[in-house]
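Working notes for the structure below.
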Amino acid sequence: MEEAVDISVDFAGIRLANPVFTASGTCGYADELADFTDVNALGGFITKSITLKPKKGNATPRIVETDSGMLNAIGWANIGLDKFIEEKLPIIEKMSAAVFVNVAGESIDEYAAVAEHLAGEAAIAGFELNISCPNVAKGGITFGTDAVQVTEITSAVKKAAGEKILMVKLSPNVTDISVIARAAVEAGADALSLVNTFTAMVIDIETGKPVLANKTGGLSGPAIKPIAVYLVNKVYNEVAKNRGIPILGSGGIRTASDAVEFIIAGATAVAVGTANFIEPGCAAKIVEGIKKYCVRKKITNIKELTGSLGIG
Amino acid sequence: MAKNHSAANRGPFNAVISANKQIGQRFYRLSLGFESAGAKAFAKLKPGQFAQLDLADTPLPPSKDIPEDLVDAARRKILLRRPFSFSDVINKDRKTLVDILYRVVGPATLRMTTLSAGDSVNIIGPLGNGFWVPRGKKQALLVTGGMGAGPLLHLAKVLTADHHGIEAIAFAGAKTEKELPFEGQLDEISQELGFSLAEFARYGVESLVATDDGSAGFAGPVTDCFSEWLGRAGLAGKDMIIYSCGPEQMLAKVAEIAEKRNIDCQLSMERMMACGIGICQSCAVECKVNGSSETVYKMCCEDGPVFDAKEIVFSS
């Protein structure tokens, strides 16, 4: 019966076996989750942020749990481009999911350099431009909250990325996310990824100080899901739909029902993040759950579902 | 299959609770049993390794049983798994039984108190690297602070069973007598040497107790008690090894003592963790780079939780 359901999706010109990704920073560089789940069951995979040089990351505590969520302030701790190419690319080559490398940096040149070095790698489907990380002093969100800078960095990385898909990951920490989304698309983004985490703070009332060493962190998990669904729907209606730009929706997805909500709101695909920490096999389960939903709703092709939000 | 890990099966497994015994005001010992693949994985658990328990669906105790200082914390819906180390492992009839010593400190451990025989809990593990025993040691000195006693009880058992050439001595510290996570703690097995804990005594391991407020044993920090004992010790530093688990301030002091006396020392570190499997990069431990003034962050979950004391950079 399940063969009758087609959940493969066209994502910016490539065919994905299914619409489920694992989100950057929650699934390692390559197959780190392979001990717990079949990584080849995924439609897409996004690596941890890669910078030109290795980065140590922030001091600890780097995380704190909140009500139905968590704050993180890792600070782009990563092995750097050279080691990524040497150690991780050979593993990525064997993965069947479409692999996107999350690109980060302190300057536009650094972002562009990372993309340029990887643009010729056949193992990679594209890039996710991280201009929305709230936990670094330079780069990240400082680029992603100003439309002029978004235009500049997106054009520069697009040029460096060659034929690869360029997906821009948006921050929700802006007055109007559609303004930023439009700037990214008009500067050459092939896809949009939203949302990154919400800047947040937890205070230890005994010490009167923030719990995180970085003071603030990014809020993720089920707590942000309804806001993320709303923002995906807003960007879909105001920017993506008419331009044919696919959205990768994320924010608190733990179940197939959560994923379906994002798809109805306008996401072509979804990314599972924080939930990987708790249930490393949950993305694979979500793939199966989406199929079951489609069967139950007599949907033969998942694209019928994308942006199908009924109003009124 | 694209896979570069050679790691054994780490779950998730379902474990069935066999007992959840209150052993002190806020202390419990949770006993869990694994069968089939889980039993196989946990049968090889090394002292100091840990596991991640999913307690999000475990119910809270009735409100009358929630301590006043945890009433607000109890309101919080938890999300992440919680890491625990083990105080014992028993392999029997193809089953593996493990014990976790825990103290009620927040919304997850509060939920844990409601687990009872027959309930099941989802576990990822065993995780991380445990304590190791270098060759040629004659004496193992186990320094524990509060809940840090758990993995060192397991280590005491393993040393006694598998390393006959090594004599183990435990130094168990806590703020007060009530915060010593032991049952029948002051049974007077050896009054001359101070107090002896039955939990260590059953492995033939002598133990000294220290409490900050002097309510049991040595009056003062366990590190002072340990230092004084070392001053009287008969063996050379190279023949000894220190194993320690407890609050970070205590571990820093233990590392300082070990360095001064040139004794090998392994410390079990603790950090807030999200995944426990090397993905989230939350549980960073600042470590020295050999032969340089630079430092790197290692992951408590995958590189530790047991580290060579010489590596660790303690924040002052």
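Would you compute the Debye intensity of segment A:125-254 from its alpha-carbon atoms alone, equal scatterers and no solvent, and pass along log10 I(q)/I(0) at q = 0.12, 0.15 Å⁻¹ to two decimals? Normalising to I(0) and taking log10 leaves -0.46, -0.68. Based on DSSP H segments of at least four residues, each scored -39500 (n - 2.57), the protein assembly as shown has a per-residue ellipticity at 222 nm of -6500 deg cm²/dmol. The mean count of C-beta atoms from other chains within 10 Å of the C-beta of residues in B:218-231, rounded to a whole number, is 0. Please work out whether chain A counts as rounded, prolate or oblate from its C-alpha gyration tensor, where a ≥ b ≥ c are the square roots of the eigenvalues and a/c under 1.5 means rounded, while otherwise a/b larger than b/c means prolate and anything else oblate? Rounded, since a/c falls under 1.5.
Past 31 Å, Cα to Cα: identify those pairs from B:Lys178/B:Lys298; B:Lys21/B:Lys310; A:Lys53/B:Lys310; A:Lys292/B:Lys44; A:Lys94/A:Lys159; B:Lys21/B:Lys238, in the order given. Violating the 31 Å limit, Cα to Cα: B:Lys178/B:Lys298; B:Lys21/B:Lys310; A:Lys292/B:Lys44; B:Lys21/B:Lys238. The equivalent ellipsoid that matches the C-alpha gyration tensor of the protein assembly as shown spans semi-axes of 48, 26, 22 angstrom, in descending order. Note on segment B:271-316: Cα-only Rg and Dmax are 10.7, 32 Å. Here the simple spin-label model places points 7 Å from the Cα toward Cβ, and for B:Leu60 and A:Ser96 these points are separated by 4.5 nm.
With neighbours defined as other Cβ atoms within 10 Å of a residue's Cβ, the residues B:Tyr243, A:Tyr111 order from fewest to most as A:Tyr111, B:Tyr243. Centre-to-centre, using Cα atoms only, segment B:248-316 and segment A:126-201 are separated by 36 Å. Amide H contacts of A:Ala23: A:Val272, A:Gly273, each under 5 Å away and 5 or more positions distant or on a separate chain (H built 1.01 Å from N in the peptide plane; Pro and chain starts excluded).
In sequence order, segment A:159-172 has phi-based couplings of 4, 6, 7, x, 7, 6, 5, 10, 10, 10, 8, 9, 8, x Hz under the Karplus curve 6.51 cos²θ - 1.76 cosθ + 1.60, θ = phi - 60°, and Gly or Pro positions carry x. The packing ranking, built from the mean of other Cβ atoms within 10 Å per residue, places the peptides B:69-77, B:254-262, A:269-277 in the order A:269-277, B:254-262, B:69-77, highest first.
Beta-bridge orientation, segment B:239-310: approximately 60 percent antiparallel, per DSSP, counting only bridges with both partners inside. Here the label points at B:Trp229 and B:Lys310, each 7 Å from Cα along the C-beta direction, are separated by 2.4 nm in the simple model. Shielding of peptide B:75-81 by partners, expressed as the average count of other chain Cβ atoms within 10 Å per residue Cβ, is 6. Can you tell me how segment A:192-291 classifies by the Cα gyration tensor, rounded, prolate or oblate, using a/c under 1.5 as the rounded cut? In terms of gyration-tensor shape, oblate. Taking a ≥ b ≥ c as the square roots of the Cα gyration tensor eigenvalues, segment B:139-268 comes out rounded, since a/c falls below 1.5.
For the residues of B:268-280, the average number of beta carbons from a partner chain within 10 Å of their own beta carbon is 6. Footprinting exposure proxy ranking of A:Lys298, B:Lys288, fewest other C-beta atoms within 10 angstrom first, gives A:Lys298, B:Lys288.
Taking max minus min of the alpha-carbon positions on each principal axis, segment B:27-186 gives extents of 53, 41, 25 Å, largest first. A cut-off of 5 Å between modelled amide H atoms, ignoring neighbours fewer than 5 places along the same chain, links B:Ile312 with B:Lys288. Given R0 = 35 Å, the distance between the Cβ atoms of B:Glu286 and B:Arg76 translates into a calculated FRET efficiency of 0.75.
Any read-out appearing in this document is the output of simple, stated calculations on the displayed coordinates, not a laboratory observation. The shown structure was predicted, so the numbers you read here are calculated from the model rather than taken from an experiment. All Cβ positions, even for glycine, are placed from backbone atoms using ideal geometry, and neighbour counts span all protein chains on display.
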